Amino acid sequence: QRQLVESGGGLVQAGGSLRLSCAASGTIFGINAMGWYRQAPGKQRELVATITHGGSTNVADSVKGRFTISRDNDKSTVYLQMSSLKPEDTAVYYCVADPILRRALSGTPGYWGQGTQVTVSS
């Protein structure tokens, strides 16, 4: 039973762009916060960005100005537009969701996707 499904990962050259999508299952109700975490090889999992149902966003300093998070509430889908990609952005990106924003930001959101690999080559 997968309730968050990511797509859009892949290989891109440094400086390029990529857009990730994550669709929440129709069986999930009451989700306020959706967003993205990532885990690079040999590094700790880190928050990338979140967005609430009302459009309020939190974006990590490491990607601020380069990544944009957006959401289509009608489709229960969150997007991560990644631009000016750097090799250090290489990671598995995980879609997350939670009814409570605080919990989504805490590193322990209620729902996790399977993850999608993003590889940025130099």
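The values are calculated or read from the model by the stated rules, or taken from the named source; none is laboratory data. The shown structure was predicted, so the numbers you read here are calculated from the model rather than taken from an experiment. Positions of Cβ are backbone-derived with ideal geometry, glycine not excepted, and every protein chain shown enters the neighbour counts. With ligands, DNA and RNA removed, areas are computed over all heavy atoms of the protein, side chains included. Shrake-Rupley method; radii C 1.70, N 1.55, O 1.52, S 1.80 Å.
Under the convention that each Lys and Arg Cβ holds +1 and each Asp and Glu Cβ holds -1, the size of the dipole of the chain around its Cα centre is about 100 debye. Using R₀ = 22 Å, calculate the FRET efficiency as 1/(1 + (r/R₀)^6) where r is the Cβ-Cβ separation of Lys86 and Gln39; round to 0.05. The calculated FRET efficiency here is 0.85.
Considering the chain as a Gaussian network with a 10 Å cut-off on Cα pairs, which listed residue, Gly16, Gly55, Gly26, attains the greatest mean-square fluctuation? Among Gly16, Gly55, Gly26, the largest GNM mean-square fluctuation belongs to Gly26. Given the C-alpha centroids of region 31-91 and region 6-28, what is the distance between them in whole angstrom? Distance between centres, Cα-based: 10 Å.
A Förster distance of 25 Å, applied to the separation of the beta-carbon atoms of Leu11 and Ser70, puts the FRET efficiency at 0.60. Under 10 Å, Cα contacts only: if you run a Gaussian network model on the chain, which one of Pro41, Pro87, Pro99 comes out with the highest mean-square fluctuation? Answer for the Gaussian network model of the chain: Pro41. Of the solvent-accessible surface of the chain, computed with a 1.4 Å probe and all protein chains present, 47% belongs to carbon and sulfur.
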